[in-house]
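One structure below.
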Amino acid sequence: MLEIKSLEAGYGRIGVLWDIDLTVGEQEIVALVGSNGAGKTTLLRAVSGVIAPTKGSIVFEGRDLSGLVPEQVVRRGIAHVPEGRRLFAGLTVRENLKLGAFHLKDSASADFDRVVELFPRLGERLDQIAGSLSGGEQQMCAIGRGLMSRPKLIMIDELSLGLAPNLVDQLLERLETIRSEGMSVLLVEQDVDAALTLAERAYVLETGQIALEGSGDELLFDKRVREAYLGVA
Ligand code: ATP
């Protein structure tokens, strides 16, 4: 469904990504892991149209995304939950969620109900200002806002950042639910163990290039991954 080929991207004249080939299939959870500064966020930004690639192609459901701005990429069915969640802190949970459905002409009430069903804690806090939510609730709200756009693919950057392990497990379980409802997930994650355990397939990005790829299990037991990212030999 998502096919990235020979992608290069960066900021101004500074190249960050080199010769990236990556795919995400229908109803697949794919993890992207790698050390700080490897270019994981940059890759998601290139897909969502925040930055323009300098080379290569990004094709989604058979259509090239090049030249599209983020709003158009959302309309094509890709939601991007950015690192740091980027909620509108002064708006309520309800208002933040509704902003995710900005481009839909019909009523988004069924989508709204679905998000609340997925994250009941948000349902109890719909009129609370997003800036006063806990870190975990903010992440739920950010994912919920992404889901409100009715994506076919949701890309989540650093799901676990700053969250307690049991909460991370709960959120990862929700990704499994999201997938079972028909969506694909591209997950950028610092918690390499959790990401590889959940994902069917994964890529390891090192200094802007794909260093390894394989099934989640293959990479979880790969010697190089264990030494570099899991701290075990
Ligand atoms: P982390 O895990 O630390 O978030 P990452 O793998 O997501 O890292 P990126 O955020 O994509 O890495 O950063 C890759 C490189 O691009 C880094 O060297 C970073 O300094 C640089 N970079 C990121 N954003 C910008 C920007 N807006 N302008 C210039 N350089 C940037």
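Just so you know, all these numbers are worked out from the coordinates, no wet-lab data involved. These numbers were taken from a predicted model, which means no experiment stands behind them. Glycine also receives a Cβ, built like all others from the backbone with ideal geometry; neighbour counts cover every protein chain displayed.
Which of the three applies to the chain, rounded, prolate or oblate, going by the alpha-carbon gyration tensor with a ≥ b ≥ c and a/c under 1.5 meaning rounded?
oblate
Rounded to the nearest 20 Debye, what is the dipole magnitude of the chain about its Cα centre when Lys and Arg each give +1 and Asp and Glu each give -1 at the C-beta?
Numbers: 25 positive and 34 negative charges, 165 e Å.
About 800 debye.
Rank the residues E189, E95 as a footprinting-exposure proxy: fewest other Cβ atoms within 10 Å of their Cβ go first. Before the final figure, lay out each step's value.
Numbers: E189 25, E95 15.
With the sparsest Cβ surroundings first, the list reads E95, E189.
Would you look at the GNM of the chain, springs on alpha carbons closer than 10 Å, and say which of S57, S107, S184 moves the most?
S107
Over the stretch 98-168, what is the mean sequence separation of C-alpha contacts under 8 Å (at least six apart), divided by residue count, expressed as relative contact order in percent? Numbers along the way, then the final one.
Values: 47 pairs, mean separation 28.6, N = 71.
It comes to 40 percent, rounded to a whole number.
Can you list the lysines whose alpha carbon sits under 21 Å from that of K5, skipping same-chain ones fewer than 8 residues off?
Within the straight-line limit of under 21 Å, K5 reaches these lysines: K40, K55, K152.
Given a Förster radius of 35 Å and the C-beta distance between V232 and T177 as r, what FRET efficiency does 1/(1 + (r/R0)^6) yield to the nearest 0.05? List each step's numbers first, then the result.
Details: r = 30 Å, r/R0 = 0.86.
That pair, V232 with T177, gives E of 0.70.
To the nearest 20 Debye, how big is the dipole of the stretch 1-133 about its Cα centre, given +1 on the beta carbon of each Lys and Arg and -1 on that of each Asp and Glu? It would help to have the intermediate numbers written out before the result.
Numbers: 16 positive and 17 negative charges, 87 e Å.
Once rounded to the nearest 20, the dipole reads 420 debye.
State the answer as a single residue: which of L219, L171, L7 lies farthest towards the positive end of the charge dipole of the chain, with beta carbon charges of +1 for Lys and Arg and -1 for Asp and Glu, about the Cα centre.
In the chain, that residue is L7.
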